[in-house]
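Notes follow once the structure below has been shown.
The values are calculated or read from the model by the stated rules, or taken from the named source; none is laboratory data. Remember, predicted model here, so these are calculated numbers, not experimental data. Glycine also receives a Cβ, built like all others from the backbone with ideal geometry; neighbour counts cover every protein chain displayed.
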Amino acid sequence: MSPLPPFPPLHLPPGGRNPNFTGREPMLARLGAQLGRAQGTVVVSQAITGLGGVGKTQLAMEYIYRQQADPQTAYDLVWWLRADTVVNLAADMAALAVAVGAMSAENPDQQAALNAARRWLAQTDKRWLLLADNADDLPPRALNHYLPTGGKGHILITSRNPNWGGLVGQDAILPLDTFTRAEAIRFLQVRSRQFIAIFEGDKSPPTNREEEAEIGKLAELLGDFPLALEQAAAFMEARQMGCAAYRRLYETKRQEVWRRATPPDRYHATITTTWQMAFEQIQKRPGAVELLNLCCFLAPENIPLALFETSDFFEKSDVFTASAVSLADPLALADAVAALRRYSLVAREGESLRLHRLVQTVARDRMPPELARQWAEIAIEAIIQVLPDWTRLHEWEDGPVIVAHMVAAADLATEQGIETERLAFLCNWTGFYLKFRAEYEKARPYLERALAIHEKALGPDHPDTATSLNNLGYLLRAMGDLAAARPYLERALAIHEKALGPDHPHTATSLNNLALLLRAMGDLAA
C-alpha cells in the first residue's frame, strides 16, 4: 500500500461553485433534512431526479458547498463520480482509492482499486459523501456493484430516471422541476448584466417594475426551464439585447424551427429553439461550429484541448471549412472556444472543455443523418491520433481521461450505424485498454463489436479479423472462461498461418496465445 497522501477533502466537477445559483431553498432544505437525519454505519442515499437541464447537478453542488462552509456539517471527504457509464464510474472510484492511499497509482488493476475504495469507505471513521452524477442510463441496482453499502457516509445521486425507489426508498427521491416564476425572474436578473436590478442579500426588489414584468414574460415564454434561461441570458449579453427584443426573436425562431414538424412537448421545443438561436450566431465565427459538432461526439466532460492540436484529421474530412483546419493553431482554437463560451454552449476549465449533455443531444438531433455520421467518424479519428503505442500503456498518463472519450466515440458511432475499420480499430483499442485495467466485463462488448465489424467488412479469413479473434480470446482467457477462449484462438492461428505463413510474427503471437491457453487448461499434449 502506498504512503497516505494529503487527504483530499473536496473533489467536485471542474468549474467550482456556480455564482449565479438562484432559489431552490425548499429543495436544499429537504436534502439537508434527509441526509442530516442519519447516523451510524448505514449509508443513506438520496436521488435528485428530473429532466435534463433543470439543474440537478447544480442543486447537488450548492448543497455540498453549503455543507462544507459549516464545520458542524462539513464532510471529511466529498467525491464526485461520473455515473453516466460504468467505465467512468469505476474509474472515478478507482481514483478515490488512490487518493486516500488505499491503492497504489502504479497498479493498473481497476477492479482491485474499486474494491479497495469500497472497503475503505465502509471501514473509515471519516464522514464522506459520494456524488453519483448523471446516472441516467445506469440501472439503479447496478450501483450496488460500485458503491459501498456500509460506512459513515451519504450517497447523492442525480438522474433523469425517476425510478430510484427500490434503491434509496420513495421518500428519498427528490423530484426537481423547473424554476418557480419568481426564481426564474431572479435568475435572469442575477445572471444578465443587461438588467438594472441589483440584489443585496435577501432583500432585492427590482428597481423597475416594468423591467420585472418584461423579464417575467420571457421566463413564461421559456417555460421557466433553467438551461433555456441560461442560454437566453448568454445570448442577450453577447448581443447586447434586452428582454423584449429577445422575446420577439425567440418567437420568430421557434416558428421557423418547428414549421415542418410538431415538437414532442414544450420542453423540447424550448431547449431546441434557444440552442438554434445560439448556433446561428456561432456560425459567424471561424471554426466554432466545427469544434462544437466534434465535441458532441465525445464525452461531455474533460475534453482535452490537446485533441485539436493536430490538423491531420481535420484535413482528411471534407466537412471542415478552411478556417476550421486552422483550429490546430492555438489562437484560432482559443477564438472558437471563446465564441462557444459567449453563448453558453461550452465551459472552459483549464485546458479542457465541458458541455451540457442536453446541448450535445440537441446538436446531434439537429444534424442530418449523413452529417452526423461524418462527425462521428471525425471523433474516432480525433481519438485515434492521441493513442500511444500498445506497449506503452503503463506510461500513458492521459489514459484515464481519454478512455471516457474512447467509449463515447465508439458508442455514438455505433448508434449512427457506422461499421468501418477505423471504428473496429477504436473498439479493439478500447477493449484492450479496459482489459489492461482488469475491467474484463466492460472490455468484452468492445472486442466483440470489433470482431463483428471485421468479419462483416473484411471477411472471416482476413488477418485483421484474426487480430480481433486473438484479442477476444485473450480476454476470455483472462476472465477464466478457457473453454470459450479456445475456438477464438484456434481460428486466429489458422487464419494467420494461411494468410501470412508459419514464420510471420503475427502467426507466432497467435501460436503463443493458444499454447498459453492450452497449458492453463492442462492440455499439454495438444
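General observations
- Residue, farthest from the chain's Cα centre (by Cα), within the stretch 464-506, restricted to residues that are of a type in the set (S, T, N, Q) and under 18 Å from Glu441 (Cα atoms): Asn470
- Residues being outside any helix (DSSP H, G or I) and under 20 Å from Thr507 (Cβ atoms) - total across the stretch 425-481: 4
- Condition check for Glu397: surrounded by fewer than 22 Cβ atoms within 10 Å (Cβ to Cβ) and assigned to a helix (DSSP H, G or I): no
- Scope the stretch 301-353; condition of a type in the set (Lys, Arg) and modelled with pLDDT under 65; matching residues: Lys316
- Filter result for Arg209 (at pLDDT below 95, among the basic types (Lys, Arg), crowded, with 18+ Cβ neighbours inside 10 Å and not assigned by TED's automatic domain parsing to the domain that holds Gly55): no
- Strands (runs of 3 or more DSSP E) wholly inside the stretch 26-134 containing at least 2 residues that are under 25 Å from Leu393 (Cβ atoms): 77-82
- The condition (being within 30 Å of Leu371 (Cβ to Cβ), over 30 Å from the mean Cα position of the chain (by Cα) and surrounded by fewer than 17 Cβ atoms within 10 Å (Cβ to Cβ)) is satisfied by just one residue among Leu458, Leu516: Leu458.
- Scanning the stretch 233-253 for residues that are surrounded by 19 or more Cβ atoms within 10 Å (Cβ to Cβ) and under 29 Å from the mean Cα position of the chain (by Cα) yields Ala233, Ala234, Phe235, Met236.
- Within the stretch 410-437, the set of residues being closer than 23 Å to Arg392 by Cβ, touching a Phe, Trp or Tyr at 6+ places or on another chain (Cβ under 8 Å) and either surrounded by fewer than 23 Cβ atoms within 10 Å (Cβ to Cβ) or not small (Gly, Ala, Ser) (or both) comprises Cys427, Asn428, Thr430, Phe432, Leu434, Lys435.
- Residue in the stretch 288-298 that is among the polar types (S, T, N, Q), buried (at least 19 other Cβ atoms within 10 Å of the Cβ) and not assigned by TED's automatic domain parsing to the domain that holds Glu210 present: yes
- Filter result for Pro148 (part of a loop (DSSP other than H, G, I, E, B), touching a residue at least 60 places away in the same chain (Cβ under 8 Å), surrounded by fewer than 20 Cβ atoms within 10 Å (Cβ to Cβ) and in contact with a Phe, Trp or Tyr (Cβ under 9 Å, 6 or more places away or on another chain)): no
- Lys203 vs. criteria within 20 Å of Asn20 (Cβ to Cβ), surrounded by fewer than 19 Cβ atoms within 10 Å (Cβ to Cβ) and at pLDDT below 95: yes
- Selection count where residues are of a type in the set (Lys, Arg) and in contact with a Phe, Trp or Tyr (Cβ under 8 Å, 6 or more places away or on another chain), scope the stretch 282-296: 0
- Against the numbered list (1) touching an Asp or Glu at 6+ places or on another chain (Cβ under 8 Å); (2) touching a residue at least 40 places away in the same chain (Cβ under 8 Å), Thr465 comes up short only at (2).
- Among the criteria (1) surrounded by 18 or more Cβ atoms within 10 Å (Cβ to Cβ); (2) of a type in the set (Phe, Trp, Tyr); (3) within 30 Å of Arg519 (Cα to Cα), the one Trp375 does not fulfil is (3).
- Some residue of the stretch 80-89 being modelled with pLDDT under 95 and over 23 Å from Leu138 (Cβ atoms): no
- Residues being in contact with a Cys (Cβ under 9 Å, 6 or more places away or on another chain) and in the same structural domain as Arg444 (by TED's automatic domain parsing) are entirely absent from the stretch 501-516.
- Any chance Arg366 is among the basic types (Lys, Arg), surrounded by fewer than 20 Cβ atoms within 10 Å (Cβ to Cβ), in contact (Cβ under 8 Å) with a residue 60 or more places away in the chain and within 26 Å of Asp136 (Cβ to Cβ): yes
- Yes/no for Lys284 being basic (Lys, Arg) and assigned to a loop (DSSP other than H, G, I, E, B): yes
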